[in-house]
1. Take the residues in segment 148-168 that are part of a strand (DSSP E or B) and not hydrophobic (A, V, I, L, M, F, W, C); name whichever of them is modelled with the lowest pLDDT.
2. Where residues in segment 24-40 are assigned to a strand (DSSP E or B) and over 19 Å from ALA123 (Cβ atoms), which of them is farthest from ligand 1 (Cβ to nearest atom)?
3. Suppose we filter VAL47, VAL18 for residues that are under 22 Å from the mean Cα position of the chain (by Cα), near ligand 1 (Cβ under 8 Å from one of its atoms) and not assigned by TED's automatic domain parsing to the domain that holds LEU223; which single one remains?
4. If you scan segment 195-213, which residues turn out to be surrounded by fewer than 20 Cβ atoms within 10 Å (Cβ to Cβ) and outside any helix (DSSP H, G or I)?
5. Note down all Cβ pairs under 6 Å where the first residue falls in segment 229-250 and is over 16 Å from THR8 (Cα atoms), the second is assigned to a helix (DSSP H, G or I) and of a type outside the set (A, V, I, L, M, F, W, C), and they're at least six residues apart or on different chains.
6. Given the residues ASP150, ASP155, ASP130, which is the only one that is within 25 Å of GLY83 (Cα to Cα) and of a type in the set (Asp, Glu)?
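The values are calculated or read from the model by the stated rules, or taken from the named source; none is laboratory data. If you're wondering where the values come from, they're calculated on a predicted model, not measured in any experiment. Quick reminder, even Gly has a Cβ in these numbers, built from the backbone with ideal geometry, and neighbours come from all protein chains shown.
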Amino acid sequence: MKVRVHATIANFGPGFDVFGVGIGEPYDELSFRESDEWSIRVEGFPVPADETNVAVVAARALARLVGEDVPLELKLRKGIRPGSGLGSSGASSLAGALAMARVLGVEDEGLILRAAMEGERAASGSAHPDNVVPAYYGDFTIISTPLHVDRIPVDFRVAVVLPEVEVPTREARRALPGKVPIGDAVSNVALAASLVKALIEGDMERAGMFLDDRIALPYRLKLMPWYGTVRRAAMEAGAWGFSVSGSGPAVFALGEDVVQIGKAIVEAFEGLGISAKAYVARAGVGVVP
Ligand SMILES: Nc1ncnc2c1ncn2[C@@H]1O[C@H](COP(=O)(O)OP(=O)(O)OP(=O)(O)O)[C@@H](O)[C@H]1O
Ligand SMILES: N[C@@H](CCO)C(=O)O
């Protein structure tokens, strides 16, 4: 048996730890079957092939939540680069939780998502839900605590560019301040509210106007010194809006011609001596059909 879990764009501009959306590529694939003992093999991008792999962590977490202990033999095709900002650890975590759910016949979405978030905690030190939840539903998701999910079905194309540099989520979270100025918090509320309205109306050009963020990104720019140059290139190529995906370094842009915008972003990275790969991804893709 096999599950496929796609990448996600978390934060989506002003929605730090709250907004996210599933995108069609890249993705992880996890093959699984019951066994006498735990094992995992990994192909593709290198991640630990042992019990610290977040797919194993999340699968075990689900078994524990329902009071079972069934070892699995797992094979992970790791298609989402770790440290990418594309929800790499979230995708593997959700895949592990889903594999165990299929084996044990668990259908409770809340339990599956809780187990997947344990994988996120193991990877980044924080059980943030804004990768695993959109990876599951695909939709644009709005998450409040304790876990409550609002979903906006979306279907749009987005330019996603992944540069050959790493920004570990753990480090990007350490860069955040304990408090933010009230004016910045107010700006983010306004941006987030207007973004949600534009998404509900399906007006992506307008959505692009509200992708700024005043509460997380400014503090992380020291980890992404190329940000201004790359953003300028995207906007000059006709982007309606641009931001960092999750904690970076992947970036994304909305626009009419996302192929051209993706090329312009790659060229801007290359101009700085950083190779990069562009994906033209479909937003709105998740595990749930
Ligand atoms: N199956 C796995 N997939 C990805 N990372 C894993 C996996 N198993 C363990 N890890 C570890 O988790 C860390 C990757 O976590 P990190 O949160 O930085 O990456 P990420 O998930 O790509 O980031 P983001 O959530 O911003 O997309 C690495 O140390 C990696 O070795
Ligand atoms: N919301 C998380 C996403 C990590 O991919 C963060 O920005 O740290």
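1. Here the answer is HIS148.
2. GLU34
3. The conditions single out VAL47.
4. Scanning segment 195-213 gives GLU201, GLY202, ASP203, ASP212.
5. ALA237/GLN260; TRP240/GLU205; TRP240/GLY208; GLY241/GLY208
6. ASP130
Quick grid of which residues meet (1) within 16 Å of ligand 2 (Cβ to nearest atom); (2) assigned by TED's automatic domain parsing to the domain that holds ASN53; (3) assigned to a helix (DSSP H, G or I); (4) among the small types (Gly, Ala, Ser):
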residue: MET100; (1), (2), (3), (4): no, yes, yes, no
residue: VAL103; (1), (2), (3), (4): no, yes, yes, no
residue: ALA116; (1), (2), (3), (4): yes, yes, yes, yes
residue: GLY119; (1), (2), (3), (4): yes, yes, yes, yes
residue: ALA123; (1), (2), (3), (4): yes, yes, yes, yes
residue: ILE143; (1), (2), (3), (4): yes, yes, no, no
residue: ARG170; (1), (2), (3), (4): yes, no, yes, no
residue: ALA193; (1), (2), (3), (4): no, no, yes, yes
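Per-residue answers, yes or no, for (1) under 19 Å from the mean Cα position of the chain (by Cα); (2) within 11 Å of ligand 1 (Cβ to nearest atom); (3) more than 28 Å from PHE19 (Cβ to Cβ); (4) in contact (Cβ under 8 Å) with a residue 12 or more places away in the chain:
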site: LEU62; (1), (2), (3), (4): no, no, no, yes
site: VAL66; (1), (2), (3), (4): no, no, yes, yes
site: ARG81; (1), (2), (3), (4): yes, yes, no, yes
site: SER89; (1), (2), (3), (4): yes, yes, no, yes
site: LEU94; (1), (2), (3), (4): yes, yes, no, yes
site: MET100; (1), (2), (3), (4): no, no, no, yes
site: ARG114; (1), (2), (3), (4): yes, no, no, yes
